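The values are calculated or read from the model by the stated rules, or taken from the named source; none is laboratory data. Predicted model only: the values in this text are computed from it and were never measured. A quick note on method: Cβ atoms are made from the backbone with ideal geometry, for glycine too, and the neighbour counts reach across all protein chains shown. Surface areas here come from the heavy atoms of the whole protein model, side chains and all, with no ligands, DNA or RNA. Shrake-Rupley method; radii C 1.70, N 1.55, O 1.52, S 1.80 Å.
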Amino acid sequence: KVTLYFTLALLLIGAAVFFIFEWDSMEGKNTMDMVITAFFESMTTRNAGFSVVETADLSLPVLIIFLFLMFIGASSGSAGGGIRTSTFAIMWASVLSTVKGKKHTELFKRTVSNDLVLKAYAIFMFFVIGNIIGPFILSISEADLLARTDYEFKDLVFEHVSAASTVGLSTGITSELSTVGKFVLIVAMFIGRVGTLTLAYLVGKRV
C-alpha cells in the first residue's frame, strides 16, 4: 500500500512539473505524446536511467524535481536505489504525526515502530551527508573543467545524486570528468547500491 500510493503520488508530481515547465521544448508533439513523455521522464528518474529528451536542456525547476525524485528512488525490494519510497513514507508520516500531536508515528491507521522511524531518519541522514561530501569533492577535483567549459556546479550535483541513487541520468558531463571525479562517482554508485545503512552496520554493529 505504501509502495503503490507513494509511487503514484511521486509519479504524478514529477509528470506535472515536467509537463508544465517543458511545454515549449515538446512543441510539435500532440497532447497525448506530451503526456506520455512527461510520465516517462518522471518514472525514469526512479531508477530506469532512460531518457527521451536531452537532460542537459531541461529547465532548472525540472532538474530540481528530478533531483528530488532520484534522491527518493525506487521502492523496497526492488533493484532501485535512493532512500526508497518506504523511508520517505515513514518520515512523512512521522512529520504529520508530530504536527498532529500524536505520541506514535501512524501510517494508514497503523502504528509504525520507533525502530523503523529511527532507521528511516538514519538512512536519510547518511544519504544527505553522502550527497554533500560527494559534490564537495567534485567541486575541487573538477574546478578546471567548470572553468573551461559551460558546465556548472549543478551538473556535478545532478551527476552525483544520479550515481548515488543508481539512476543513470546525466547532463553529459560524465566523460569529461577527471580520474578523481570518476572515482567519486564509482564510490557513490557502490554505496548507493549496497545501501548506506548496510555499510553503517558493517562498521558500527557487531553480531
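Assuming a viscosity of 0.890 mPa s and a temperature of 25 °C, what translational diffusion coefficient in µm² per second does Stokes-Einstein assign to the range 1-56, Rh being the Kirkwood radius over Cα pairs? Reported coefficient: 209 µm²/s.
Spatial offset of the range 1-68 relative to the range 74-111 amounts to 24 Å, using the alpha carbon center of each.
Between beta-carbons, use under 11 Å as the cut-off and find the net charge around L156, counting Lys and Arg +1, Asp and Glu -1. Numbers along the way, then the final one.
Values: positive: K154; negative: E142, E152, D155, E159, E176.
My count for the surroundings of L156 gives -4.
For the range 55-152, the Stokes-Einstein estimate of translational diffusion at 10 °C and a viscosity of 1.306 mPa s comes to 100 µm²/s, using the Kirkwood hydrodynamic radius over alpha-carbon pairs. A 1.4 Å probe run over the protein chains yields, for the chain, 57 Å² of accessible area per residue, whole-number rounding.
In order along the range 76-92, the Karplus-derived 3J(HN,Hα) couplings, from 6.51 cos²θ - 1.76 cosθ + 1.60 at θ = phi - 60°, round to 4, x, 9, 8, x, x, x, 6, 5, 5, 5, 5, 4, 5, 5, 5, 4 Hz, and Gly and Pro are given as x.
With a 1.4 Å probe and every protein chain kept in, tell me what percent of the accessible surface of the range 55-138 is carbon plus sulfur.
Taking all protein chains in place, the range 55-138 shows 69 percent carbon and sulfur surface.
Once Cα Rg over 2.2 N^0.38 Å is calculated for the structure shown, the corresponding label among (1) 1.00; (2) 1.14; (3) 1.09 turns out to be (3).
The order of K119, K100 by accessible area, most exposed first and with a 1.4 Å probe, is K100, K119.
For T105, the residues 5 or more places off, or on other chains, whose built amide H falls under 5 Å of its own are V112.
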